[in-house]
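The next block holds one structure in the form of structure tokens; read it before the comments.
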Amino acid sequence: MDILKGIKVIDVTAYAFVPSAGGVLAHWGADVIKVESPHAPDPMRFIGGTAEPGKSSKTFKHYSRGKRSIAINLASDDGRELLYRLVKDADVFLTSYLAPTRKKLGIDVENIRKINPDIIYARGSGHGPLGPDADRPGYDALSWWSRGSLSQSAMDMAKLEWPMMGMVGHGDGMSGLVFAGGICAALLNRAMTGKARVVDSSLMGTAVWFNSLEIMQVHGVPQRPEPHKVERPPIPKNVPPGMISALRSIYQTGDFRFLYLLFLGDDNRDYADLCQRIDRPELASDERFVDAKRRAANSAELTSILEDVFASRSLEEWKVALAQARGAWTVVQSPQEILDDPQTIANGYMREVQYPDGGLMVPVPAMQFDEDAGDPPRAPDFAEHTDQIMAEMGCGEDEIARLRGNGTIA
């Protein structure tokens with residue numbers, strides 16, 4: 001397919017959501033150049049695969065279809081200069097890296113725009129570019145499925161009491177497709193106006209859009225029934241053994257809310273940081289849990305310990321304690337909670353539209369252009385603009401009256 005033939009995209013991404021946007025652009029014909037580290041390829045290659053030729057995971061092959069691959073060490077001066085040479089004639093710079101990493105590597109907006117002022121700079125994240133959690137790590141299971149309220153909605157529909165962990169990947173692919181469309185809109189706008197936009201999309205923003213009808217329906221409805229203690233169900237059969245971990249699991253808090261840990265890399269630094277924040281520093285040096293291999297072998301024991309720990313405090317207390325944690329985590333939110341989520345407010349994911357009978361809170365499309373998603377316009381009344389549109393087509397008052405009289409228009 002050659003819809004985007006002639007468009008050059010520099011893809012500095014990892015895992016799934018943002019790489020999938022690059023895969024869509026490549027499928028449509030863009031020249032997408034995927035940049036990976038010589039010493040650390042995209043981790044998605046290894047989740048069910050290897051970096052050997054032809055042996056990357058199915059997910060990687062799906063989301064990085066059609067791309068060309070180059071390995072460059074962006075942490076070196078020579079590597080950075082090579083990237084800048086790639087950027088010089090590119091149309092889009094696509095990245096999943098959060099602001100601290102972008103700044104450290106010298107690939108943030110101002111760095112790339114110095115090389116190419118006309119480039120579309122596209123950033124994908126878990127929670128959006130604004131707000132207190134803008135630089136928090138986010139994944140499909142956390143930002144889209146859990147925090148975005150889809151998990152709770154699915155639980156309600158299926159009458160389940162414990163969040164499902166096997167249904168991941170949906171948000172990555174859906175959000176990547178949406179992101180690709182937003183990038184195309186920015187390319188069209190640049191062609192029409194000459195202005196190069198900074199384009200943002202997020203897993204959470206896409207979740208709010210996808211679950212919009214449920215969120216709108218419960219707005220203003222009294223809060224949900226009081227949560228209660230639930231027994232942990234057996235691990236689903238569709239969860240790969242490599243994903244079974246105490247640090248990739250769901251826990252109930254003291255007030256029976258669900259908190260989801262997703263330490264994908266199971267980094268020792270993330271684990272040690274968690275131990276400090278839960279006031280159990282001795283767990284970091286416990287011989288059963290000192291490295292990823294031993295934590296995996298003793299996962300059931302660590303899970304049991306963490307169940308007791310998280311049950312000792314309320315959700316609000318854990319939000320404070322874990323606010324700056326290194327590892328990724330989130331709350332399983334209900335649709336009722338979306339409107340008051342700090343990320344919803346900061347990024348304007350829900351906005352009010354005025355109608356004659358009052359205001360209506362509606363989601364905005366999960367795309368921000370220069371950090372603004374735009375105020376949503378209202379929907380039209382039936383046949384509200386018939387006369388206006390007919391006049392734009394050159395129809396006079398007599399013709400409009402005749403067509404209305406014979407039932408052709410209303």
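The values are calculated or read from the model by the stated rules, or taken from the named source; none is laboratory data. Keep in mind the model is a prediction, meaning the values are calculated, not measured. No Cβ is skipped: glycine too gets one built from the backbone with ideal geometry, and neighbour counts run over all protein chains shown.
Computed values, structure above
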read-out	value
Residue within region 80-87 that is at pLDDT 95 or above and over 15 Å from I112 (Cα atoms) present	no
P380 being assigned to a loop (DSSP other than H, G, I, E, B), surrounded by 17 or more Cβ atoms within 10 Å (Cβ to Cβ) and not small (G, A, S)	no
Qualifying residue in region 367-377 (condition: assigned to a loop (DSSP other than H, G, I, E, B), free of Cβ contacts under 8 Å to residues at least 12 places away in the same chain and within 25 Å of V109 (Cβ to Cβ))	yes
Residue satisfying all of: in region 354-377; on the phi > 0 side of the Ramachandran plot and at pLDDT 95 or above; surrounded by the most Cβ atoms within 10 Å (Cβ to Cβ) among these	E371
Within region 104-134, considering residues that are in a strand (DSSP E or B) and not aromatic (F, W, Y), the one nearest to A328 (Cα to Cα)	S125
Strands (runs of 3 or more DSSP E) contained entirely in region 162-272, each with at least 2 residues that are of a type outside the set (S, T, Y) and buried (at least 22 other Cβ atoms within 10 Å of the Cβ)	198-202, 258-262
Hits in region 12-44 (condition: on the phi < 0 side of the Ramachandran plot, among the hydroxyl-bearing types (S, T, Y) and surrounded by fewer than 24 Cβ atoms within 10 Å (Cβ to Cβ))	S37
Any hit, region 338-357, residues being of a type in the set (D, E) and within 16 Å of the chain's Cα centre (by Cα)	yes
Residue in region 236-248 that is nearest to R224 (Cα to Cα), counting only those that are modelled with pLDDT under 95 and within 22 Å of the chain's Cα centre (by Cα)	R248
Subset tally (residues that are over 19 Å from the mean Cα position of the chain (by Cα) and within 19 Å of V364 (Cα to Cα)) for region 190-209	1
Candidates T101, T59 - the one that is surrounded by fewer than 22 Cβ atoms within 10 Å (Cβ to Cβ), hydroxyl-bearing (S, T, Y), in contact (Cβ under 8 Å) with a residue 40 or more places away in the chain and part of a helix (DSSP H, G or I)	T59
Flag for G254 being over 18 Å from A141 (Cβ atoms) and touching a residue at least 60 places away in the same chain (Cβ under 8 Å)	yes
Unique match (being outside any helix (DSSP H, G or I) and not assigned by TED's automatic domain parsing to the domain that holds D286) among R326, R351, R313	R351
Unique match (being under 26 Å from S202 (Cα atoms) and either β-branched (V, I, T) or at pLDDT 95 or above (or both)) among P43, P19, P38	P19
